[in-house]
Structure formats: structure tokens, C-alpha cells
Amino acid sequence: MRPFLSQFLVPGSDHFALLAGQILQQVTPAVSGVYKAPPQDRPLLLFGDADWWVGVYVEYKFRTPIPAHLQGLANHLAQNITDPTLQKFSLMANGEKAELALYEIQLQILGQPFTKALMDRTSPEFWELQGQLTRWVK
């Protein structure tokens, strides 16, 4: 998850382009794997403010007709996208919410002093520790 920046609302901005590239690099192959058809080159991609975090909307168009009622895309995306940047428990596709089990985990980390910066989800310290923990939990 990324904290929301107003630059994400400007499609030509560097922030928009960087985040769009990261997301589409993961989502597009997973979508193609379900539909067995390549989507058109440029999907509609929008970012929005979702409670201080970046909400993502992606709409793909295909050159060939595909079944609109195909189930399982949300679960397929949730299982095949491994980057912790995308918060998968809120993932929806074709109106279908991904069926994921969420677990709350509390850890005691030895040798890691708690600082106020760790409470700020926009701080570099928070993101560094989150990255370390995410790698350990996988």
C-alpha cells in the first residue's frame, strides 16, 4: 500500500507513471492468464484517495470477445500477485471480491527500537520495516 499523493491524480506526472508501471507489470499478465487473450495495450488506469491510501481502478479492453460472466478473476489476481504494494484483501474484479483469509499477527521484534516514525505510514522507517517483515512472513 502506498500513501496517497495528489500527484497520482495527474496522468502525466512522474509519480503516476512510476506507480502505474509497477501495477500494470503485475496485473496485466495475471489478467491475460485468466482470459487467455491479450488485452489492448493501454488499459484505463485511475488512482483515487482511499482513506489516505491509493485506490486503483484498472479497466482492460480486449480485441476479441471474452465471456463477461467468467468467475475467479479476483481470486486468481490475489493468488498470483505477490508484491506487497498491492493490498489484496480489498481486491475486486468484475464485481467479485477476492476470497482471502486474513490473519492478524502481533510480533515482538528484538533489537528494533520502537520510534514515532514507525507509527507514521509515510515515513521511510515504516516502509523499510514493513518490507523486511513482508519478506519474513512470506
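The values are calculated or read from the model by the stated rules, or taken from the named source; none is laboratory data. Predicted, not measured: the structure shown is a model, and the values here were computed from it. Here the Cβ is made from the backbone with ideal geometry for all residues, glycine too, and neighbour counts use every protein chain on show.
Residues in the range 8-27 that are touching a residue at least 24 places away in the same chain (Cβ under 8 Å) and within 12 Å of the chain's Cα centre (by Cα): LEU19, ALA20, GLN22, ILE23, LEU24, GLN26, VAL27. Restricting attention to the range 34-47, the residues that are surrounded by fewer than 14 Cβ atoms within 10 Å (Cβ to Cβ) and either at pLDDT below 80 or in contact with a helix residue (DSSP H, G or I) (Cβ under 6 Å, 6 or more places away or on another chain) (or both) total 3. Summed over the range 1-19, residues that are in contact with a strand residue (DSSP E or B) (Cβ under 6 Å, 6 or more places away or on another chain) and within 20 Å of ALA78 (Cβ to Cβ) total 2. For PHE8, are the conditions met, namely being closer than 26 Å to THR134 by Cβ, touching a helix residue (DSSP H, G or I) at 6+ places or on another chain (Cβ under 6 Å), surrounded by 12 or more Cβ atoms within 10 Å (Cβ to Cβ) and at pLDDT 80 or above? Answer is no for this residue.
For the criterion of being at pLDDT below 80 and over 14 Å from the mean Cα position of the chain (by Cα), PRO124 fails. Here GLY111 fulfils each of the conditions (1) over 30 Å from VAL34 (Cβ atoms); (2) at pLDDT below 65 apart from (2).
Among residues of the range 94-123 that are surrounded by 11 or more Cβ atoms within 10 Å (Cβ to Cβ) and small (Gly, Ala, Ser), those with a beta-carbon under 7 Å from a residue that is modelled with pLDDT under 70 and part of a loop (DSSP other than H, G, I, E, B) at least six positions away or on a different chain give the pairs ALA98/LEU91.
Within the range 48-66, the only residue that satisfies the criterion of being aromatic (Phe, Trp, Tyr), in a loop (DSSP other than H, G, I, E, B) and in contact with a helix residue (DSSP H, G or I) (Cβ under 9 Å, 6 or more places away or on another chain) is TYR60. Screening GLN132 on (1) at pLDDT below 75; (2) in a helix (DSSP H, G or I) shows it passes everything except condition (1).
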